[in-house]
Every structure is written in C-alpha cells, then in structure tokens.
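Asker: The structure that follows is given in the form of structure tokens.
The values are calculated or read from the model by the stated rules, or taken from the named source; none is laboratory data. Note that the coordinates shown come from a computational prediction; the quantities given were computed from them, not determined experimentally. Virtual Cβ from ideal backbone geometry, glycine too; neighbours counted across all protein chains shown.
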Amino acid sequence: MQLVKIGNENLTVKLIPYGARLVDIRLASFNFPLILGYPNITDYHKDIAYLGAIIGRVANRIHGAQAKIGGVIYTFDENECSKQTLHGGSKGCAFQNWKIKNISNTSVTFILDEPDGHMGFPGNIHFEVCYEINDCSRLQITIQAVADKDGICNLTSHPYFCLDNSGDISAHELKINASHYLPVNKLNIPTGKINPVSNSQFDFLNPRSLAGIVKGTNQSIDHNFCLNDKRSTLREVAVLTSKLSKIKLRVLSTEAGLQFYTGHHLLDTPPGYSNLPYTPFSGLCLEPQGWPDAPNKENFPSVFLPANTLYQQIICFEFTTS
C-alpha cells in the first residue's frame, strides 16, 4: 500500500489511498503524532473504527437503512445492529481503494467512483478529496462529489485526535460553537428533537475539561452539535487544547453540524503508535458533516444532492502552540 507524505517546515501529514485516510499528522517541534494511527499500514485493512478515513456516501446513521428520495424508497446496506446504515455501509468510502489524481510537496488529491446502486444509493457518483497544507500549520480538506441521479450525500473526515501523546483525552479541553445538539435513542439515532445545550453536559460554548468523561463521572458523547441550519462559509466550529502539550487545534468547517465522538468504543484495535492497541478514550473525533439521519427528518437541514450538481465542503485543521 502506498504511503503519501506532504508537508512544509511546520507540519507533516501522511496519508494512504485506502479510504483516502489520514494516518499521521505531526508538528515539527514535537516528536509524536497528533492523531491515532497504525504504524503497520496494512493494519488499516483490519480497522473497523474508521481511523482517519473519508466517510460516505452518507456519514453517520440512517434509521432503518432506508430513505425516500424523489418519492422512491431506497434501502441501503444494514451494517449496524442489522437495522441501520452507518457511514455509507460496509463498503463505503472508508473501505475503498482511492486513486491518486495529483500530488505535490504540499498537497494530494484522491478520487473514487462508485456505481449506481452501490450500498443501495442511487446514481453513479464521483468523489474527489484534496488535502492541502496551505498555511504554516493548517491542513485544508476539500471534499467534492457529483452524481448522475438525484440522491443524498453527506461526507466527512474521521481522524481521532490526541494532542499530547498521553494515551487518552483526559488532559484536553474542548470548545464547540453550538448552542443546540441532537438527542439520540439507544441506537444513536436522533430523536428529531433539537435541544439547547444550556444546563446540560453538552454545553461546550466555553472551554471544558474532558477529564470527567474519561473518569466516568460524565456520560460519553457521540452526538451531533447543531452549527447552523444549512451549509455556511468557512468558520471556526471547535477548539481543542491539550493542557499537557499546549497544542491547540482549531476546526473550521462549512457544514451545518459537528459530530463529537469521545472514542469510547475503541477496543481490540491493531497496535497503534505506542505498539499497544487503542482503548476507550484514546482519542476523540470532531467530524464536520450534515445532521445525521437527515433524509428521514424533515426538520433537519437536507443532504439531498440533485443530479449533476456539485457537492463541496471544506474542513480545516489548524494547529498552534503556546
């Protein structure tokens, strides 16, 4: 499997075509990775935690593994709980071998084509994802798609961050610029309600320690935070800081939602960079995307993609130190 390296004097990023995945991000002044990954890149074929992958055609969960598109009910791959579709199905974008379209010292573009009916989704679809280091320590991810039939599309990037090489996220503080979140049922499907974060454990409007989540005094989180009611211009959506390393990550996005996942299901992974398997709370995900199960929730921002219309989103991961 080919390993691709891009970078400048401040930031180095390594990727592989399988899932168009981020496998390593490092700042020049630190000798440890800022994301979880496997030093043996063949182990990504064993990965079920979506480490660093591009997720699609539809990220997150679709209730009942079906949705109505243009008056027609489509049934998708049931790859979670034998009841619903997770991250585009068992052979979604994360588990495909992408091709390299362009590569330079500071950028790489991967492409993928999926046929009509793949995982149950309508339309032949073409994906492109460009990773570019376009500032001192900023990684920009531009994701595009176009299909030849009306369909649904909701993509994201799925790295797990740990900014201090400590083995868990307990020394991290997180801020999320969202005043509302989506409560979920026992299958992690949104109920349809849109709740305020105030007076709840989901209030990250001011930076908050994650130590309580790791210690079990606070509930683990795998929820969508509502940033907007539609796609927007690129803006800051979250800030993650390690109190140990003093590394700060700013997440910028054009998307309407941000899935915050505390990594509590990490278990029995291949050996990571410490040569040990990852365990719950080894890293966390901040995944800009459309709202989950939007095709089945009329009150959620739509993820409908008309035929021959360009889908585009931008995610930026910007690293600084203090």
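Asker: From the set of residues in region 34-78 that are of a type in the set (Ser, Thr, Tyr) and within 22 Å of the chain's Cα centre (by Cα), which is farthest from Val251 (Cα to Cα)?
Answerer: Among those residues, the one meeting the criterion is Thr42.
Asker: So which of Thr233, Thr217 ends up being surrounded by fewer than 20 Cβ atoms within 10 Å (Cβ to Cβ), among the hydroxyl-bearing types (Ser, Thr, Tyr), without any contact (Cβ under 8 Å) to a residue 12 or more places away in the chain and in a loop (DSSP other than H, G, I, E, B)?
Answerer: Thr217
Asker: Shifting gears a bit: Does Arg21 satisfy the condition of being over 21 Å from Phe161 (Cα atoms) and under 16 Å from the mean Cα position of the chain (by Cα)?
Answerer: Spelling it out, it is not the case that Arg21 is over 21 Å from Phe161 (Cα atoms) and under 16 Å from the mean Cα position of the chain (by Cα).
Asker: Could you say which residue among Pro288, Pro277 is surrounded by fewer than 18 Cβ atoms within 10 Å (Cβ to Cβ) and either of a type outside the set (A, V, I, L, M, F, W, C) or within 20 Å of the chain's Cα centre (by Cα) (or both)?
Answerer: Pro277
Asker: Could you look through region 120-161, keep only residues that are in contact (Cβ under 8 Å) with a residue 60 or more places away in the chain and in contact with a Lys or Arg (Cβ under 6 Å, 6 or more places away or on another chain), and pick out the one that is surrounded by the most Cβ atoms within 10 Å (Cβ to Cβ)?
Answerer: So, considering only residues that are in contact (Cβ under 8 Å) with a residue 60 or more places away in the chain and in contact with a Lys or Arg (Cβ under 6 Å, 6 or more places away or on another chain), the one surrounded by the most Cβ atoms within 10 Å (Cβ to Cβ) is Phe121.
Asker: So, in region 175-210, of the ones that are surrounded by fewer than 17 Cβ atoms within 10 Å (Cβ to Cβ) and among the hydrophobic types (A, V, I, L, M, F, W, C), which residue ends up modelled with the lowest pLDDT?
Answerer: It comes out as Leu187.
Asker: Got a sec? Which of Glu298, Glu255, Glu287 is at pLDDT 95 or above, charged (D, E, K, R) and touching a Gly at 6+ places or on another chain (Cβ under 7 Å)?
Answerer: Glu255
Asker: Tell me, which residue of region 18-47 that is without any contact (Cβ under 8 Å) to a residue 60 or more places away in the chain and of a type in the set (A, V, I, L, M, F, W, C) is surrounded by the fewest Cβ atoms within 10 Å (Cβ to Cβ)?
Answerer: This residue is Ala28.
Asker: Which members of region 252-291 meet the condition of being farther than 26 Å from Gly212 by Cα and part of a loop (DSSP other than H, G, I, E, B)?
Answerer: Of everything in region 252-291, those that are farther than 26 Å from Gly212 by Cα and part of a loop (DSSP other than H, G, I, E, B) turn out to be Thr254, Glu255, Ala256, Pro270, Asn275, Gly290, Trp291.
Asker: Name the residue that is nearest to Asp222 (Cα to Cα), counting only residues in region 1-54 that are small (Gly, Ala, Ser) and part of a loop (DSSP other than H, G, I, E, B).
Answerer: Going through the qualifying residues, I end up with Ala49.
Asker: To continue, here is another question. Restricting attention to region 100-118, and to residues there that are of a type in the set (A, V, I, L, M) and crowded, with 20+ Cβ neighbours inside 10 Å, which single residue is nearest to Phe319 (Cα to Cα)?
Answerer: Selected residue: Val108.
Asker: For Leu187, indicate whether it is in contact with a strand residue (DSSP E or B) (Cβ under 9 Å, 6 or more places away or on another chain) and part of a loop (DSSP other than H, G, I, E, B).
Answerer: Answer is yes for this residue.
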